[in-house]
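Accompanying notes for the structure given below.
Please treat every number below as a calculation from the coordinates, not as lab data. All figures in this text were calculated on a predicted structure; none of them were measured in a lab. Cβ sites come from the backbone with ideal geometry, for glycine too, and all protein chains shown count toward neighbours.
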Amino acid sequence: MNTTYRNIVAATAFAIAALAGQAQAAEPATFATIKQINAGELNVGYVDEGPANGPVVILLHGWPYDINSFVEVAPKLTAQGYRVIVPHLRGYGTTRFLDPQAVRNGEPAALAADVIALMDALKIDKATLAGYDWGARTADIVAALWPQRVKSLVSVSGYLIGSQEAGKQPLPPAAELQWWYQFYFATERGRIGYEKNHREFAKLIWKLASPQWQFDDATYARSAVSLENPDHAAVTVSNYRWRLGLEKGEAKYADLEAKLATSPNISVPTITMEGDANGAPHPEPAAYAKRFTGKYRHELITGGVGHNLPQEAPQAFAQAVIDADRL
């Protein structure tokens, strides 16, 4: 074998090894173990990592995402001694309704009650709550209605507690345009369309909500699996129809919704966050700062960070959880 040939063989082998390494590196990380527990009206699929006796952090994902939004956040927190709980919300992943006949209700108070039920089932008295999108709204509600159960709060896009009465108020046309999918879900065509095309639909939302986030197909596919939950479309449509007053919700949550309709203040120590490239509808920080009456600060995360802030900026999100715990 002459020198030239040996060099070609070596270079080819090196290139193949490099490509193999790149392919391996491109495979997105996942949580190693998903546990299941009966909690309230659900059998909840959840991640439970870190020391069992550590201070508890519950991370809540949004729509149409899943627990993998926190796959890089969780180890940063467990390394600091936190016990990290990441549940699949109702209608996602391995979470299921215990009663096959139960209403597939997506109203905000129901999701908040799910968190309290999960804490009770896991015998967690108090926890730091952190989330974005539906997860932030849910964390806000728990902090407002059950402050004794919340040590501190991290909420992307701030104060997201709403009501059906508030939902009756029309917005300026540009703002209404951002909520196009809410009006789509209000129709029977939209319900059927989302059931049929939820993967394509969710991927479009990812792109619109985070226009500068260059996620790859493997990253999206990892989370899209969670949308195959048989209740996902029903819970999604219920949530957005409830906001427009097109669904009444369940009577057992009426008292909670009445309290939320007063826009209650949140008194627990809180850090609110926003990405500088959030393409989803969201309020301005000045509009909600007064709702947080305890120790409070707001953080703007720069660098083209969109709506799925914990997945796009995991270090900043994890640090906010740690900082909120120390407020």
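Listed cross-link partners Lys123/Lys248; Lys76/Lys126; Lys76/Lys151; Lys248/Lys290 are compared with a 25 Å cut-off, the Cα-Cα value being larger for Lys123/Lys248; Lys248/Lys290. Entry note, the chain: relative contact order of 22 percent, from Cα contacts under 8 Å with a spacing of 6+ residues.
Note down the relative contact order for the stretch 115-195 as a percent, whole number, built from C-alpha pairs under 8 angstrom at least six residues apart.
Details: 66 pairs, mean separation 18.6, N = 81.
Across the stretch 115-195, relative contact order equals 23 percent.
Taking every Cα-Cα distance in the chain and sorting them into 10 Å bins starting at zero, the pair-distance distribution P(r) comes out as 6, 26, 35, 21, 6, 3, 2, 1, 0 percent.
Charged neighbours of Gln319, selected by a Cβ distance under 12 Å, balance to -1 (K, R count +1; D, E count -1). Helix 3-26 axis versus longest C-alpha principal axis of the chain: approximately 10°, rounded to the nearest ten. Ordering Val142, Ala277, Thr30 by the projection of their Cα atoms onto the charge dipole of the chain, which places +1 on the Cβ of Lys and Arg and -1 on the Cβ of Asp and Glu, puts Val142 at the extreme positive end. Note on Leu177, Leu256: ascending count of other Cβ atoms within 10 Å places them as Leu177, Leu256, the fewest first. How far is it, in nm, from the label point at Arg199 to the one at Asn43 when both lie 7 Å from their Cα along the line to the Cβ? Taking the simple label geometry, Arg199 and Asn43 are separated by 2.5 nm.
With a sphere of radius 14 Å drawn around the Cβ of Arg243, what net charge do the other residues whose Cβ falls strictly inside it have (Lys, Arg +1; Asp, Glu -1)?
Working: positive: Arg137, Lys168, Arg241, Lys248; negative: Glu107, Asp133, Glu165, Glu176, Glu247, Glu257.
Surrounding charge for Arg243 is -2.
Compared with the dominant principal axis of the Cα atoms in the chain, helix 232-243 is inclined by about 40°.
Would you kindly calculate the mean projected area, averaged across all directions, of the convex hull enclosing the Cα atoms of the stretch 118-247, in square nanometres?
Working: hull surface 39.2 nm².
Averaged projected area of the stretch 118-247's Cα convex hull equals 9.8 nm².
Across the stretch 58-68, rounded Karplus estimates of 3J(HN,Hα) from the backbone phi angles (6.51 cos²θ - 1.76 cosθ + 1.60, θ = phi - 60°) give 10, 9, 10, 7, x, 9, x, 10, 6, 4, 5 Hz, Gly and Pro being marked x. Here the gap between Phe31 and Gln315, fully extended at 0.36 nm per residue and compared with their Cα-Cα distance, gives a gain of 100.5 nm.
Could you work out [θ]222 nm for the chain from helices alone, using -39500 (n - 2.57) per DSSP H run of at least four and dividing by all its residues? Round to the nearest 500 deg cm²/dmol. Present the calculation step by step, with values, prior to reporting the outcome.
Numbers: 14 runs with 142 residues, N = 327.
It lands at -13000 deg cm²/dmol.
If we sort 237-249, 162-174 on the protection proxy, mean other Cβ atoms within 10 Å, highest first, what's the order? Intermediate values should be presented prior to the final figure.
Working: 237-249: 19.3, 162-174: 10.8.
Packing order, densest peptide first, comes out as 237-249, 162-174.
By DSSP, the beta bridges lying fully in the chain are antiparallel in about 30 percent of cases. Over the stretch 50-186, consider all pairs of different Cα atoms and compute the Kirkwood hydrodynamic radius from their mean reciprocal separation; express it in Å, one decimal. Final number for the Kirkwood radius of the stretch 50-186 is 16.2 Å.
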